[in-house]
Amino acid sequence: MARVLLFGRLADQAGWRDRRIEADDLAGLRAALAAADPELGEALAGPGVQVAVDKVLVRGEAVLTAGAEVAFLPPMSGG
Amino acid sequence: MSVSLTDRPFEPGALVTAFCAGREETGAVATFVGLARAEKGRATVLELEAYPGFTEAAIGEIVDAAMRRFGLQDVVIVHRVGRIAPGEAIVFVATAAGHRREAFEACDFLMDYLKSRAPFWKKEHGPGGVRWIEPTDRDRTDATRWDQE
């Protein structure tokens, strides 16, 4: 069971920001999210959206251990 | 060195005083304070979201890089999260160095990073509704200035 966190506009779009989802890897998680909400699935794959697993940025594929925390991060803007 | 996030208003002057205290080998302290703009009434509240733990760690890494690159003695960054009213401080950056050039440049470098690459998400609330603010092209090119040097 992965813990999925959405930030910024992604959380507003989905209508949630913290949810537990069954998945063994990132591709499986993306597929599960897209099946439940196709527009969200598209947004998560959109330009500038980064992914962190257990608070470390990952590019491409990643295996998810039980209890992994997966965060989807839209383009960032501080200050 | 310290990086902190706070959901409460802070007083920049008190932070400068504390940062300058007890420094006998620091010739220069440069500071930057970013304030929330009202955008001529378009923005009534600015809402800033961070990823606790991840955001501080990411800023900490760039502070380490700035310390090495500019030979700094110390850095303090305080960043607001949550709901911020126009006129309130959003971000405070202070750098301490032996001489002014390093202190100024490091402050500039750190702000360019914070504006375009630090893990924050910014939403503007106003009479016209809400909108998410993403980095401008100018923010991005400001940050790339430092990549080429």
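Got a sec? Which of B:GLU39, B:GLU25 is in a loop (DSSP other than H, G, I, E, B) and at positive phi? Spell out the reasoning first.
Details: B:GLU25 fails: at positive phi.
None of the others qualify; the one that does is B:GLU39.
Inside segment A:55-79, can you point out the residues that are surrounded by fewer than 17 Cβ atoms within 10 Å (Cβ to Cβ) and either part of a loop (DSSP other than H, G, I, E, B) or more than 12 Å from chain B (Cβ to nearest Cβ) (or both)?
A:LYS55, A:VAL58, A:ARG59, A:GLY60, A:GLU61, A:VAL63, A:THR65, A:ALA66, A:GLY67, listed by residue number.
Within segment B:43-149, which helices (runs of 4 or more DSSP H) (wholly inside it) include 3 or more residues that are more than 13 Å from chain A (Cβ to nearest Cβ), surrounded by 15 or more Cβ atoms within 10 Å (Cβ to Cβ) and not polar (S, T, N, Q)? I'd like the intermediate steps shown before the answer.
On the way: elements: B:54-70, B:100-116, B:137-144.
Qualifying helices (runs of 4 or more DSSP H): B:54-70, B:100-116.
Could you tell me whether A:VAL51 is under 9 Å from the mean Cα position of the chain (by Cα) and either of a type in the set (Val, Ile, Thr) or at pLDDT below 95 (or both)?
Working: under 9 Å from the mean Cα position of the chain (by Cα): yes; either of a type in the set (Val, Ile, Thr) or at pLDDT below 95 (or both): yes.
For A:VAL51, the condition - under 9 Å from the mean Cα position of the chain (by Cα) and either of a type in the set (Val, Ile, Thr) or at pLDDT below 95 (or both) - is met.
Select, from B:GLU149, B:GLU61, B:GLU102, B:GLU49, the only residue that is more than 28 Å from A:VAL53 (Cβ to Cβ), at pLDDT 90 or above and over 12 Å from the mean Cα position of the chain (by Cα).
On the way: B:GLU149 fails: at pLDDT 90 or above; B:GLU61 fails: more than 28 Å from A:VAL53 (Cβ to Cβ); B:GLU49 fails: more than 28 Å from A:VAL53 (Cβ to Cβ).
Of B:GLU149, B:GLU61, B:GLU102, B:GLU49, the one residue that is more than 28 Å from A:VAL53 (Cβ to Cβ), at pLDDT 90 or above and over 12 Å from the mean Cα position of the chain (by Cα) is B:GLU102.
Quickly run through segment B:116-129 and pick out the residues that are in contact (Cβ under 8 Å) with a residue 24 or more places away in the chain and over 19 Å from A:LEU57 (Cβ atoms).
We begin by selecting, within segment B:116-129, every residue in contact (Cβ under 8 Å) with a residue 24 or more places away in the chain; these are B:116-128.
B:LYS122, B:LYS123, B:GLU124, B:HIS125, B:GLY126, B:PRO127, B:GLY128 - these are the residues of segment B:116-129 that are in contact (Cβ under 8 Å) with a residue 24 or more places away in the chain and over 19 Å from A:LEU57 (Cβ atoms).
Return the residues of segment B:22-44 that are more than 13 Å from B:THR95 (Cα to Cα) and more than 14 Å from the chain's Cα centre (by Cα); say none if nothing qualifies.
Scanning segment B:22-44 gives B:GLY22, B:GLU24, B:GLU25, B:ARG37, B:ALA38, B:GLU39, B:LYS40, B:GLY41, B:ARG42, B:ALA43, B:THR44.
Any residue in segment A:5-23 that is in a loop (DSSP other than H, G, I, E, B) and farther than 30 Å from B:ALA36 by Cβ? Spell out how you get there, then give the answer.
Kept after step one, since they are in a loop (DSSP other than H, G, I, E, B), are these residues of segment A:5-23: A:7-8, A:15-17, A:22-23.
Narrowing the set further to residues that are farther than 30 Å from B:ALA36 by Cβ leaves A:22-23.
The answer is yes, given that some residue of segment A:5-23 is in a loop (DSSP other than H, G, I, E, B) and farther than 30 Å from B:ALA36 by Cβ.
Can you report the number of residues in segment B:6-21 which are of a type in the set (Phe, Trp, Tyr) and within 21 Å of B:ALA97 (Cβ to Cβ)? It would help to see each step written out before you state the result.
So the first thing to find is which residues in segment B:6-21 are of a type in the set (Phe, Trp, Tyr), and the list is B:10, B:19.
Subset that is within 21 Å of B:ALA97 (Cβ to Cβ): B:19.
Counting residues in segment B:6-21 that are of a type in the set (Phe, Trp, Tyr) and within 21 Å of B:ALA97 (Cβ to Cβ) gives 1.
The values are calculated or read from the model by the stated rules, or taken from the named source; none is laboratory data. All figures in this text were calculated on a predicted structure; none of them were measured in a lab. Positions of Cβ are backbone-derived with ideal geometry, glycine not excepted, and every protein chain shown enters the neighbour counts.
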